[in-house]
Amino acid sequence: MRFWQVLLACTGLLLSTALAQTTITIATVNNPDMITMQKLTPEFEKANPGIKVNWVVLPENELRQKVTTDIATNAGSYDVLTIGTYEAPLWGKNGWLVEMSGLPASYDLEDVLKPVRAGLSYQGKLYALPFYAESSMLYYRKDLFAAKGFTVPAQPTWTQAINWARQLHNPSGGVYGICLRGLPGWGENMAFITTLVNTYGGRWFDENWRPQLTSPEWKRAIGQYVELVTKYGPPGVTGNGFTENLTLMSEGKCAMWIDATVAAGYLANPKTSKVADKIGFAKAPVAVTPNGAHWLWSWALAIPKSSKKVEAAKTFIAWATSKEYIELVGRTQGWVSAPPGTRYSTYNNPNYQRAAPFAKVVLDSINTADPTKPTLKPVPYTGVQFVGIPEFQAIGTQVGQFIAGIVAGRTSLDNGLAQAQAAVEKLMKEAGYIK
């Protein structure tokens, strides 16, 4: 064969390889674990040379808005969506997602925590695979607590937490008594606030779908929340969501923080936390009842029906949620950074047990969060920090805005909750839940 013929043959081979390569677009949230996944993607591309990964990384509220719009309109902008235990069963029911069936035997689906699998399923069919899963817990500064002689039990109460926040608040010393979510959004401030309302004995709706936002339980819980964040929290709390509070806590500026268990690995890692050796871990506080005091959530990866690259997308998701991926993170980033809350094998791994002093609290919190009994009084819905109906995304975000208004002093507690009650009643009537 002549030189020019060889050159043409090689060029043709290169062109056909380039043409054969599939690019998948992944929409995800800008949380530390997702950023790690993005960082390790070259390992996937090396093992799967026919697949290239394009990332769209967004803040939590923006991600939810964009993927919801995309899937509802069948736009097909993404091949992999980062969704959670709220969306997966609802979107699976609507026929918007590809079922996660036909996984390789090596994936070992039985190794995935049962409550997490259940939360991502509808009628026994799995519609997303968990990248990490979480409940909520109390983080605290052991050094500050020891200096005051405070002992934190395995299960603290809200009475204790309020007392600690009051006594540890020292803004002139650069430490706030407590950090809590204030950024409006159904998955931001309302995720935490719903668990607070739950443990104070409240509920979103009664058995007949009548909103309960002006009940004594809501008033007590929101009144307590407003006092905590305005008296003992950092300034500008209505701009602080999970990510902002994670930064504050890791910089040593919070005596306490009650939020997602997924933050534990970040806070205990000296590479990412200035107070890694000073962080203590306990279960989320309880008030009147333990029901719904801590949430259950999973950030999971799903494939929209609009994707034209289902097999490539499923190949990536199986890799990113596998035992092998967790091993890769442990080996390259340190075991304290391994994605938590998804696999029994992670919690049985001696390397993880040594690196993660928080492991038992996290596993217990996930296993005891019960979305089927989230409140003291009976309710017609499932979901701990959310209500598992399509309308809740709009309801939760709207109520989150009203509560931010109370925190900012634009309205009183009674007026703000009355406005929220009226808004939710209107929406529930329009949706046909009540007359």
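The values are calculated or read from the model by the stated rules, or taken from the named source; none is laboratory data. Because the structure is a prediction, the values reported are computed rather than measured. Glycine gets a Cβ as well: all are built from the backbone with ideal geometry, and neighbour counts include every protein chain shown. Accessible surface areas use protein heavy atoms only, side chains included; no ligands, DNA or RNA. Shrake-Rupley method; radii C 1.70, N 1.55, O 1.52, S 1.80 Å.
Here's the yes/no breakdown for (1) in contact (Cβ under 8 Å) with a residue 12 or more places away in the chain; (2) surrounded by fewer than 18 Cβ atoms within 10 Å (Cβ to Cβ):
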| position | (1), (2) |
| --- | --- |
| GLY149 | no, yes |
| TYR176 | yes, no |
| TRP186 | yes, no |
| LYS219 | yes, yes |
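Table: residues versus (1) more than 28 Å from PRO270 (Cβ to Cβ); (2) out of contact with any Lys or Arg (no Cβ under 8 Å at 6 or more places or on another chain); (3) among the small types (Gly, Ala, Ser).
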residue: LEU328; (1), (2), (3): no, yes, no
residue: ALA359; (1), (2), (3): no, yes, yes
residue: ASP364; (1), (2), (3): no, no, no
residue: GLY383; (1), (2), (3): yes, yes, yes
Checklist outcome for this item: Taking region 65-96 and keeping only residues that are within 22 Å of TYR381 (Cα to Cα) and open to solvent by less than 10 Å² (accessible area, probe 1.4 Å), one is left with ILE83, GLY84, TYR86, GLU87, ALA88, GLY92
Next on the checklist: Kindly evaluate GLY201 against the criterion of being surrounded by fewer than 24 Cβ atoms within 10 Å (Cβ to Cβ), not in a strand (DSSP E or B) and not charged (D, E, K, R).
Outcome noted: yes
Checklist entry - Does any residue in region 27-39 that is within 18 Å of TYR78 (Cα to Cα) come within less than 7 Å, Cβ to Cβ, of a residue that is open to solvent by 10 Å² or more (accessible area, probe 1.4 Å) and part of a loop (DSSP other than H, G, I, E, B) six or more places away or on a different chain, and which pairs are these? => result ALA27/TYR78; ASN30/PRO59
Checklist entry - Name the helices (runs of 4 or more DSSP H) wholly within region 281-397 that hold at least 2 residues that are crowded, with 22+ Cβ neighbours inside 10 Å and among the charged types (D, E, K, R)? => result none
